[in-house]
Amino acid sequence: MARFDRRAVLLGLGATAIGGASLAGAGAAPAYDDPDTLYAALRNQPGDQLQIGGGTIRLVFADGAQGLARGPVLAWVRTAAMALTAYFGRYPVSDHGLLIIAEPGDRVGHATTFGYAGSATRIHVGMDAGRAAFDRDWVLVHEMVHTALPDLPRRALWLQEGNATYVEPIARALIGQLTPEAVWQAAAAGMAKGIPRAGDAGMDGTRAWGRLYWGGALFWLLAEISIYRDTKGARSLRDALRHINRMSGGNTATWSPEQLMMVGDAAIGATSLGKLYSRFATTAVSTDLVDLFQELGIVTGANGQLMLDNRAPLARLRARITSD
Ligand SMILES: [Zn+2]
């Protein structure tokens, strides 16, 4: 694919910002920070090929990744790829290079995904990470979701981060890794961080962390609801995203957000995405989250426990989102 400008190259799509702070430790090795070195490692170092959902993941343990057990890492990558395959109906890109960088610690660390010279992700993994850390991890699935949609200009970064934030837990629920309750618990807590504050403008160009990730995720949830209403339940956001994925081939393509919405709308035979996007892009849209979650039947019980109410107006949609 074409080589894009340096700004896009250096930007990448990371998972660092979730939680508001970098997950990379101060002592982390600076190796492979330049994406050109990531692509070179994927080309030149020995790797394993995983075939999943019609795609090939080329997995390279950077410089041998001393101290990192191979088996659990391979199982973790395979499971994440199955979640993506469940959501998109196939693995979202035909070839995905994955560079695993060992680091001290017991969990999955910082990751970034690029598309300018092929779909590629570098991800740091703690040498003491065990089965529980891999089962809990959301970072790898988040990065894989980034490969599925075309790259967008910087002003629309919120659509990309929001999409990965929204789709990641749903994809994991589709393979039974998360319960629907866990998906909605995280959404209810997270989306409160994405609401515009006084003085905020439209979403295009926003750099605020909460709005980029959770404001973006809220956009995609509202898109889900608009599509459900506009098509009387006949189509879903998943239909639109699958079509966008097929038409673009994933993040090696660069589109405009307007094109993304147009192609998504073509898949559902409505104008839900285009309309919602133009509102969100240019104006601060305030959403009553209490009302929204009540309509979906996501309620907090007297004991503080989240409960799902199947009599709520949008309960059918809510149940459908996390099931096949
Ligand atoms: Zn991301």
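The values are calculated or read from the model by the stated rules, or taken from the named source; none is laboratory data. Computed from a predicted structure; not experimentally measured. No Cβ is skipped: glycine too gets one built from the backbone with ideal geometry, and neighbour counts run over all protein chains shown. In case anyone asks, the SASA skips ligands and DNA or RNA and just uses the protein heavy atoms, side chains included. Shrake-Rupley method; radii C 1.70, N 1.55, O 1.52, S 1.80 Å.
Could you calculate the FRET efficiency of Ser323 with Ala75 from 1/(1 + (r/R0)^6), where r is the beta carbon distance between them and R0 is 25 Å, rounded to 0.05?
Efficiency computed from Cβ-Cβ geometry: 0.55.
If you restrict to DSSP beta bridges whose two residues both lie in the chain, what percentage is antiparallel, to the nearest 5?
Restricted to the chain, the bridges split so that about 50 percent are antiparallel.
If amide hydrogens are placed 1.01 Å from N in the peptide plane, which non-local residues have theirs closer than 5 Å to the one on Thr56?
It is Asp95, His96, by chain and number.
Counting Lys +1, Arg +1, Asp -1, Glu -1, what net charge surrounds Arg58 among other residues with beta carbon under 12 Å of its beta carbon?
Result for the neighbourhood of Arg58: -1.
Give the distance, in whole Å, between the Cα centre of the range 180-256 and the Cα centre of the range 31-78.
Using only Cα atoms to place each centre, the spacing works out to 29 Å.
Can you bin the range 83-202 into rounded, prolate or oblate? Criterion: square roots of the alpha carbon gyration tensor eigenvalues sorted a ≥ b ≥ c, rounded for a/c under 1.5, prolate for a/b above b/c, oblate for the rest.
Rounded shape, in that the Cα axes give a/c under 1.5.
Using a probe radius of 1.4 Å on heavy atoms only, what accessible surface per residue do you get for the chain? Whole Å² is fine.
Per-residue accessible area for the chain comes out at 42 Å².
Given a 1.4 angstrom probe, I'd like the percentage of the accessible area of the chain that is carbon and sulfur, rounded to a whole number.
With neighbouring chains kept in place, the figure for the chain is 54 percent.
Just how large is the dipole of the chain about the Cα centre, in debye to the nearest 20, putting +1 at every Lys and Arg Cβ and -1 at every Asp and Glu Cβ?
So the dipole magnitude of the chain works out to roughly 540 debye.
Determine the dipole magnitude for the range 170-324: charges of +1 sit on the beta-carbon of Lys and Arg, -1 on that of Asp and Glu, nothing else is charged, the reference point is the Cα centre, and the result goes in debye to the nearest 20.
Using only the charged Cβ atoms, the result is roughly 180 debye.
Evaluated at 4 °C with a viscosity of 1.567 mPa s, what Stokes-Einstein diffusion coefficient in µm²/s does the chain have when Rh comes from the Kirkwood expression over alpha-carbon pairs?
65 µm²/s
Compute the distance in nm between two label points, each set 7 Å from the Cα along the Cα-to-Cβ direction, one at His243 and one at Asp135.
3.9 nm
Taking a point 7 angstrom from the Cα of Thr283 along the C-beta vector, which residues in the range 195-238 have backbone N less than 12 Å away?
202
Apply the a/c threshold of 1.5 to the C-alpha gyration tensor of the range 185-324 and tell me whether it is rounded, prolate or oblate.
oblate
From the Cα gyration tensor of the range 23-134, with a ≥ b ≥ c the square roots of its eigenvalues, which class applies: rounded if a/c is under 1.5, or else prolate if a/b is larger than b/c, or else oblate?
oblate
How far, in nm, would the chain grow between Gln259 and Ala198 when pulled straight, counting 0.36 nm per residue and subtracting the alpha carbon separation?
Taking Gln259 through Ala198 to full extension adds about 18.9 nm, to one decimal.
Between the range 80-114 and the range 286-324, what's the alpha-carbon centroid distance in Å?
Cα centroid of the range 80-114 versus Cα centroid of the range 286-324: 30 Å apart.
With r defined as the distance between the Cβ atoms of Val290 and Asp34 and R0 fixed at 51 Å, what FRET efficiency is calculated, to the nearest 0.05?
For Val290 and Asp34, the calculated efficiency is 0.65.
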